[in-house]
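None of the figures in this text is laboratory data; all of them are computed from the coordinates on show. Since the structure is predicted, the reported quantities are computational estimates derived from the model, not experimental observations. Backbone-built Cβ (ideal geometry, glycine too); neighbour counts: all protein chains shown.
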Amino acid sequence: MSLTSCSRRTFLQAALSAAPMLMTRSAGARVVPANDRVCLGHIGVGGQGSGLLNNFLQVEGAQSIAVCDCFESRRTDRAHYIDAFYANKTGQAYRGTRSYADFHELLANPKIDAVIIATPDHWHVPIAMEAIRAGKDVYVEKPLGVSVAENLALRQAVQQTGAVFQYGTQQRSGYYFWQACTLARNGSLGRLHTIHAWCTDIHSQESAFTAINGSTQPIPVPPDLDYDRWLGPAAYSPYTADRCTPVGTYHHYDNSIGFIAGWGAHPLDIAQWGNNSDLTAPIEYEGTGVITRGGLFETVCDWDMHCRYANGVLLRFMSDGVAAPVVRPYHAAFRDHGTTFFGDDGWVSVCRSGIHASSDSLLRPERLRHGPRLYQSSNHYRNFIECIRTRRPAISPVEAAVQSDLISHLCDISIRLGRKIRWSPQKEEIIDDVTAARLLNRPRRSPYHL
């Protein structure tokens, strides 16, 4: 075959303290891959993971060499897909993709430089922690973790080791989002005072949002699924028809806190970026939401949360059904997701279909020529590969990921307890509410511990 063999990665200079579920290695300094290719392993290759695989296959200088999934049929199919891609690209036979049932074995492969993690949410942080300890750089799908404590632990691991981290909030690499955040930060809108952020919730998946909200009837586990490994640190629950589907994964509380984080990560990340808040988060959270009951799905929907930053900016975070009558009066081109920045001199609103403003003059190119120059990327996946080579921070760093994910978690806690939550960004703890503070962490099934 004509593809270059991948480089061997050296390991960490100082291993983090070991935990029962985590491997530790003897260590050397992190280095740029010696060859002209960054070799990737893909952990979790379902719907989202397959999409990421396709995106990374298009990045010059990257080579996907391994896949891992708890479904045997998925990992086998994706390995064959990668082989066929490179065979077609090179015009030569190619059988170089390794397939793993156990991600520990993938991480032990010294040829792999970085991993792409697109598992169910409850595995994001534990696998990322192990990957970092194994000397790999990490691309982690959103949302980050299923608890604030997990997120803080991952941030510490990234910062202590110098691992390159890219969060799966790819909107940061979109021009319109960069443009909106630049306008919010360079004074074009005047003093920023309010942000609207909204996204879809479980109602977008109507075929699954039934009277029973997902089946709880136990059925046999499919023969190609390692269900115990799929559950991992999550509490044990019986396998059902909806349990390991995308909807079951996103909306069962053992695995996720729902689209308030899984979709909310996108508009909240842009809100944070435009408010220059990547290193902090709002200090107050209150509002309403509905928790689905009577079936497998038990996460928040129909939320309307009001959050206040220490700088006085107000953030209103909504599900799309709540947002529609709020946004449409000022923004006729309403979509089911978006972020709007309001200043004393106008507003700008952005979503994946485009950018809109209170005045066409706000969108003129000259508006972007003054004020701070925001980090700019035109391709989220290429940005990750380039940063592995240069060892510079990626456009969606772990610090930003922790803070935007924090908003989702604190909104969820406020809704579940039915009261205002106050947060100290300096101490990174909930103020004067012991019950709420306990919800910043969650138990993990033995022997899985951070």
* **Distance in nm between pseudo-label sites at residue 102 and residue 276 (7 Å out along the Cβ direction from Cα)** => 5.1 nm
* 5 angstrom amide H check on residue 299, placed H, neighbours 5+ away -> 292
* Indicate, rounded to the nearest 5 percent, the antiparallel portion of the DSSP beta bridges found entirely in the chain. => 55 percent
* the range 39-118: translational diffusion in µm²/s, Stokes-Einstein, Kirkwood Rh over Cα pairs, 4 °C, 1.567 mPa s -> 105 µm²/s
* Among 228, 69, 360: highest mean-square fluctuation, GNM of the chain, C-alpha pairs under 10 Å -> 360
* Helical contribution to [θ] at 222 nm, DSSP H n ≥ 4, -39,500 (n - 2.57), averaged over the chain, rounded to 500 -> -9500 deg cm²/dmol
* Asked: How much net charge surrounds residue 61 when only other residues with a Cβ under 10 Å from its Cβ are counted (Lys, Arg +1; Asp, Glu -1)?
  -> 0
* Asked: Between residue 237 and residue 424, how many nm apart are label points set 7 Å from Cα along the C-beta direction?
  -> 3.4 nm
* Rounded to 5, the percent of DSSP beta bridges in the range 49-188 classed as antiparallel -> 0 percent
* Would you mind counting up the charge near residue 194? Only other residues with Cβ under 12 Å from its Cβ, with Lys and Arg at +1 and Asp and Glu at -1. => +2
* Could you tell me whether the range 289-401 comes out rounded, prolate or oblate from its Cα gyration tensor? Rule is a ≥ b ≥ c as square roots of the eigenvalues, rounded for a/c under 1.5, then prolate if a/b exceeds b/c, otherwise oblate. => oblate
* Structure fact -> Ordering 193-205, 365-377 by per-residue average of other C-beta atoms within 10 angstrom, highest first, gives 193-205, 365-377
* Between residue 194 and residue 77, what FRET efficiency follows from the Cβ-Cβ distance if R0 is 56 Å, with the result rounded to 0.05? -> 0.75
* Structure fact -> Length gained, residue 449-residue 60, 0.36 nm per residue minus C-alpha separation, equals 136.3 nm
* What FRET efficiency comes out for the pair residue 389/residue 217, r = Cβ-Cβ distance, R0 = 56 Å, nearest 0.05? -> 0.65
* For the chain, what is the largest minus smallest coordinate of the Cα atoms on each principal axis, given in angstrom and ordered from greatest to least? -> 60, 55, 41
* Stretched out fully, how many nm does the piece from residue 344 to residue 93 gain, at 0.36 nm a residue minus the Cα gap? -> 84.2 nm
